[in-house]
Protein chains: 2
Amino acid sequence: MYTALLQHIRKYVTLTEDEAALICSKLKALEIKKKGFLLSPGKMCRANYFVSKGLLRLYIINQKGHEQITHFGLEGWWLTDYGTLDSQQPTRVYLQAVEDTEVIAWDTPTQEALIQAIPQLDTYFRKVLQRAYAAAQRRIEFIYCYTDEERYRYFSAYFPEFIQRVPQYMLASYLGFTPQFLSKIRAKKTSP
Amino acid sequence: MYTALLQHIRKYVTLTEDEAALICSKLKALEIKKKGFLLSPGKMCRANYFVSKGLLRLYIINQKGHEQITHFGLEGWWLTDYGTLDSQQPTRVYLQAVEDTEVIAWDTPTQEALIQAIPQLDTYFRKVLQRAYAAAQRRIEFIYCYTDEERYRYFSAYFPEFIQRVPQYMLASYLGFTPQFLSKIRAKKTSP
DNA sequence: GTCTTTTCTTAATCCTGATTAACTTTTCTT
DNA sequence: AAGAAAAGTTAATCAGGATTAAGAAAAGAC
């Protein structure tokens, strides 16, 4: 159950068996059924979630009343609303399972206690966050430098398995355009 | 010279005088004249920069040959090309001073050595990265949920001093549109 | 296995912002 | 102070995607 998490941590730092056992004893794995929610607007965001199996999406409802997906969380990713994590503010986001999903929830007091007990975890989270931030930097570049169609072409060329896994309207939302437009550009390619 | 940096670190963790002195002794402050470069395409990105005075911009040249600004670095911000930091890949970005600027460069071996010597720095960088990532998450939401004009209006309402500080074409680039469009929406507001 | 809900497609029209180009103003340089 | 370069403006035309609406197909529910 915690294998994926421990494996992930050990890609960055070394853990003794005792330390691994301590981590497992303090955390709880959660199973979320497809379309179940970990967060929804008005709730307090109190944990960071490691996806050990399945797929999450983070989205908000925009001014026009449409869902706007801003992040996906695949196996091996950390996902939460960092903007309100540990603040006194309720979240404005939805965090929902796209498939039956298993996550390991780290609420902040537990995370801080584990970091105290196992200082390598400080390094682990620092490195994970640096990678996540690097990815976000690249994504902003990607959004600004390419058209919607180019971003879709790139995505389907580089992540064909992912495209299979999510409904098209979610992919369209994540890439920042409408499902109708996605249909249009898909039709364009397969016709000749 | 290092006051801004030490103050920043002390917002997150406590440092003894000895530790502060150690940090200062290992790092070097750099002065970059307006329009000077810290990085340009083909160079290796070997350091993370803390802006203690002035303003940096990070940009790339897109397919059409135009500058696309993806990040600004004001006083108290960390900025670098995390995508290639410490990789064997040369960077593709420009990191340039918008004004005469002073930065404190942390190359990675020095950073790692200081973290070894002063474990609180692990926590410091983790927290700084978490804040930076939270900001990036919000920015992606901002880009996707608002039109170009709305983003400009928001920006000028919330960061009026910043708007004064950068040429309009840089602001337009950062917000993802053309200088012509910015002229247009500015004219619109002041006319009635 | 039918009925319902969800997802995907197609097409017409509309709108936001890009492009191009010419011009004005401001800022550097010497 | 004069000239050159950089930055900002205006306007006409164009294009990439949104919107709206209706229908088709696929997936779930019972």
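Quick grid of which residues meet (1) surrounded by 14 or more Cβ atoms within 10 Å (Cβ to Cβ); (2) farther than 21 Å from residue A:171 by Cα:
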site	(1), (2)
A:25	no, yes
A:29	yes, yes
A:34	no, no
A:48	yes, yes
A:66	no, no
A:77	yes, no
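Restricted to the range A:51-63, and to residues that are more than 9 Å from chain B (Cβ to nearest Cβ) and either in a loop (DSSP other than H, G, I, E, B) or touching a residue at least 60 places away in the same chain (Cβ under 8 Å) (or both), which residue is farthest from residue A:6 (Cα to Cα)? It would help to see each step written out before you state the result.
Filtering the range A:51-63 down to residues more than 9 Å from chain B (Cβ to nearest Cβ) leaves A:51-57, A:59, A:61.
Still in the running and either in a loop (DSSP other than H, G, I, E, B) or touching a residue at least 60 places away in the same chain (Cβ under 8 Å) (or both): A:54-55, A:57, A:59.
Working: A:54: 17, A:55: 19, A:57: 23, A:59: 28 Å.
Among those that are more than 9 Å from chain B (Cβ to nearest Cβ) and either in a loop (DSSP other than H, G, I, E, B) or touching a residue at least 60 places away in the same chain (Cβ under 8 Å) (or both), it is A:59.
Of all residues in the range B:170-186, those satisfying the criterion of being surrounded by 13 or more Cβ atoms within 10 Å (Cβ to Cβ), part of a helix (DSSP H, G or I) and not basic (Lys, Arg) are B:170, B:171, B:172, B:173, B:174, B:175, B:179, B:181, B:182, B:183, B:185. The residues listed here are A:121, A:15; of these, the one that is part of a loop (DSSP other than H, G, I, E, B) and either surrounded by 16 or more Cβ atoms within 10 Å (Cβ to Cβ) or not small (Gly, Ala, Ser) (or both) is A:15. Against the criterion of being surrounded by 15 or more Cβ atoms within 10 Å (Cβ to Cβ), within 15 Å of DNA strand D (Cβ to nearest atom) and either of a type in the set (Phe, Trp, Tyr) or within 17 Å of residue B:77 (Cα to Cα) (or both), residue B:133 does not qualify. Hey, can you tell me all the residues within the range A:149-169 that are within 12 Å of DNA strand C (Cβ to nearest atom) and either within 14 Å of another protein chain (Cβ to nearest Cβ) or part of a helix (DSSP H, G or I) (or both)? Residues satisfying the conditions are A:152, A:163, A:164, A:165, A:168, A:169. Per the conditions (1) within 13 Å of DNA strand D (Cβ to nearest atom); (2) buried (at least 18 other Cβ atoms within 10 Å of the Cβ), the sole criterion not satisfied by residue A:167 is (2). Would you confirm whether any residue within the range A:87-109 is loosely packed, with under 13 Cβ neighbours inside 10 Å, modelled with pLDDT under 95, within 11 Å of DNA strand C (Cβ to nearest atom) and not in a helix (DSSP H, G or I)? No, every residue in the range A:87-109 fails to be loosely packed, with under 13 Cβ neighbours inside 10 Å, modelled with pLDDT under 95, within 11 Å of DNA strand C (Cβ to nearest atom) and not in a helix (DSSP H, G or I). For the range B:140-147, state whether one or more residues are touching a residue at least 24 places away in the same chain (Cβ under 8 Å), part of a helix (DSSP H, G or I) and within 27 Å of residue B:65 (Cβ to Cβ). Yes, the range B:140-147 contains a residue that is touching a residue at least 24 places away in the same chain (Cβ under 8 Å), part of a helix (DSSP H, G or I) and within 27 Å of residue B:65 (Cβ to Cβ). You will find that of A:148, A:122, the residue that is of a type outside the set (Ser, Thr, Tyr) and closer than 22 Å to residue B:78 by Cβ is A:122 and no other. Would you pick out the residues in the range A:122-163 that are modelled with pLDDT of 95 or more and small (Gly, Ala, Ser)? Of everything in the range A:122-163, those that are modelled with pLDDT of 95 or more and small (Gly, Ala, Ser) turn out to be A:132, A:134, A:135, A:136. When B:113, B:132 are checked against the criterion of being more than 7 Å from chain A (Cβ to nearest Cβ) and touching a residue at least 24 places away in the same chain (Cβ under 8 Å), a single residue qualifies: B:113.
Counting only residues that are over 29 Å from residue B:34 (Cα atoms) and of a type in the set (S, T, N, Q), the range B:129-167 holds 3 of them. Screening residue B:119 on (1) within 9 Å of chain A (Cβ to nearest Cβ); (2) free of Cβ contacts under 8 Å to residues at least 24 places away in the same chain; (3) over 18 Å from residue A:124 (Cβ atoms) shows it passes everything except condition (3).
Within the range A:170-184, is even one residue over 20 Å from residue B:143 (Cβ atoms) and either within 13 Å of chain B (Cβ to nearest Cβ) or more than 8 Å from DNA strand C (Cβ to nearest atom) (or both)?
No, every residue in the range A:170-184 fails to be over 20 Å from residue B:143 (Cβ atoms) and either within 13 Å of chain B (Cβ to nearest Cβ) or more than 8 Å from DNA strand C (Cβ to nearest atom) (or both).
As an exercise: evaluate residue A:161 against (1) more than 9 Å from DNA strand D (Cβ to nearest atom); (2) of a type in the set (D, E, K, R); (3) surrounded by 13 or more Cβ atoms within 10 Å (Cβ to Cβ) and give the number of the one condition it does not meet. Just one mismatch for residue A:161, condition (3). Given the criteria away from chain A (no Cβ under 14 Å) and within 16 Å of DNA strand D (Cβ to nearest atom), does residue B:72 qualify? No: the conditions fail for residue B:72. Since residue B:143 meets every condition but one in (1) at the interface with another protein chain (Cβ under 8 Å from one of its Cβ atoms); (2) closer than 23 Å to residue B:48 by Cα, which condition does it not meet? Condition not satisfied by residue B:143: (2).
The values are calculated or read from the model by the stated rules, or taken from the named source; none is laboratory data. Keep in mind the model is a prediction, meaning the values are calculated, not measured. Virtual Cβ from ideal backbone geometry, glycine too; neighbours counted across all protein chains shown.
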